[in-house]
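Q: Sharing a structure below in structure tokens format, with a few things to ask.
The values are calculated or read from the model by the stated rules, or taken from the named source; none is laboratory data. Keep in mind the model is a prediction, meaning the values are calculated, not measured. Cβ: placed from backbone, ideal geometry, glycine included. Neighbour counts: every protein chain shown. Keep in mind that these areas ignore ligands, DNA and RNA; they rest on the heavy atoms of the full protein, side chains included. Shrake-Rupley method; radii C 1.70, N 1.55, O 1.52, S 1.80 Å.
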Amino acid sequence: MDPQLERLPAEVHKRRTFAIISHPDAGKTTLTEKLLLYGGAIHLAGSVKARKAARHATSDWMELEKQRGISITSSVMQFDYAGKKINILDTPGHQDFSEDTYRTLLAADSAVMLIDTAKGVEAQTIKLFKVCRQRGIPIFTFVNKLDRYGKPPLDLMDEIERVLGIRSTPMNWPIGMGKEFRGVYDRHAKVLHLFEAVEHGAEEAKTTSIPGELDDPKIVAALGETALAKLKEELELLDIAGDTFDVERIKKGELSPMYFGSAMNNFGVQPFLESFMTLAPPPLARATASGTVEPESPKFSGFIFKIQANMDPAHRDRIAFMRICSGRFTGGMDARHVRMEREIRLAKPQQFMAQERKAVDEAFAGDVVGLFDPGMFRIGDTLCVGEPFEFTGFPRFLPELFARVEIKDALKRKQLKKGLEQLTEEGAIQLFKRPGLGDVEPIVGAVGQLQFEVLSYRLEHEYSVKANLVRLPFTVARWPKGEAFKALDYEFGDTSMVVLDRDELPVVLFRNEFSLRYAQDRAKNVEFLETAPRATAKA
Ligand code: G4P
């Protein structure tokens, strides 16, 4: 056996690949930075204090993000901690910009759900949670900002169950909150972590850890009778009414281990990381159209979950992010591009640490590498060695907003075309054209308004095209199937419009569900599908 492959099981077992899901402002950037600090991946860069001055985080790439202070671009950060290789997939938090986020979640083996103690379960958290739930991956809960006044922890547990339908099992329990926040008691390791508050923006809080049962004189002395009595009472309640710690249920995503802390103060982050490392799963098996692929299978395979153009304005390049699902990857290796039905060389692979990149010589199942993309990749593409197969489960998003792209300067048409095509391949927007009109007046579709704003901004800054997006009155897109369609003129007044998708397949845009039903009544032989009739279009 290849001696390199003998290392495979051990290497795969070291990997932990996860995403942090949260509503904007819950503290994801802050938590990510603190986790990176433990991995020695960043020194002081991006500490909240520095961030305040610079108004952007280490994981932000695009100027637009800096301006808006939101993370639109998903990035991936790798670091080592306690003998493990950790990949954090950063997901954009803005509610309008979720397509990208959903796809990123497909590359994760577990998720950390970050909740602001005062706000509880928020809209974006619910959406992202649902995707994780569908995949059945373990979900960990970190309740943040305990240094502020928030909802009582028992109410939060109840809210999580009511809104998200998942039970939680607190791994540690907070003592007080806001100004009275004293720390957390680790129910499993039996350690009291005491929090010493400092002024906002000052140095990190000091943590003293005292091991011992609750009756231990050191713990009694540290907390005082009143705080201790309340803690005991709440823990007893948890012991009776709460769910017991059950690794199997955690693995299946049925029970969420819950932690309390304050990311900004770096309080509770390390105990969380330690516990997470023992509970988070190594790379999981992945579904394909013909069975599952085990990560330890010696044959390399992976899929593209994100494409990002112009990451570095100085290089004008395009990177396809690949999650490795099985085997060992080596830089410059050959693999089968299943959709294109040919062998390709996986050239110039890179790994990322925010703005830094480094060349990758080898990587294993669980890792994410960036591949140089001369325009051959699409989201969902499978790459493998040996018998070809395809990974399944990539959601396709039905656009609900449409706009015609107009430009004043006809000489910019070529640049516009290039920009739109590249941004479509990235999955940033969906591109349509009018039959017979070629590239004139293309139509773009999006799931959220912010996608249009990002599109205008990027067309202008990356392709030097000032475009005007004229909103069209359609909200529903359907792919018609059936011989009858060809014979019919599908434009019923101004309630619908026929366009072609990027594979030249006809798509009907309807004003609303009513106009869809009207068309359906008129054309009984035509099926209006929510996705393109063939699953994998040839490039
Ligand atoms: P996000 O990526 O989820 O959007 O959140 P981010 O980390 O940017 O944090 C949002 C705000 O919450 C920031 O404040 C951050 O300092 C604050 N924050 C994060 N963790 C904690 C915590 O444990 N306690 C408290 N009290 N605040 C926390 P900001 O005012 O928007 O930014 P800044 O001026 O502090 O940089």
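Q: By its C-alpha gyration tensor, with a ≥ b ≥ c as the square roots of the eigenvalues, how is the stretch 358-500 shaped: rounded for a/c under 1.5, else prolate for a/b larger than b/c, else oblate?
A: Here the stretch 358-500 falls in the oblate category.
Q: Go through 158-167, 237-246, 275-284, 135-144 and give me the packing order, highest mean Cβ count within 10 Å leading.
A: Ranking the peptides 158-167, 237-246, 275-284, 135-144 by packing returns 135-144, 275-284, 158-167, 237-246.
Q: May I ask you to compute the full-extension gain from E248 to E294, defined as 0.36 nm times their residue separation minus their alpha-carbon distance, rounded to one decimal in nm?
A: Value of the extension gain: 14.6 nm.
Q: Shifting gears a bit: Can you list the lysines whose alpha carbon sits under 19 Å from that of K481, skipping same-chain ones fewer than 8 residues off?
A: Partners within reach: K433, K524, K538.
Q: Could you give the length gained by full extension between K218 and R167, i.e. 0.36 nm per residue of separation minus their alpha carbon distance, to one decimal place?
A: 15.1 nm
Q: Using a 1.4 Å probe, how large is the accessible area of L194, given in Å² and rounded to the nearest 10?
A: 30
Q: Relative to the present Cα-Cα distance, how much length would full extension add between R342 and S456 at 0.36 nm per residue of separation?
A: 37.5 nm
Q: Here is a further query. Ignoring everything but the protein chains, give the 1.4 Å probe accessible area of E33 in square angstrom, nearest 10.
A: Spelled out: E33, probe radius 1.4 Å, area about 10 Å².
Q: F303 accessible area, nearest 10 Å², 1.4 Å probe?
A: Accessible area, nearest 10 Å²: 10 Å².
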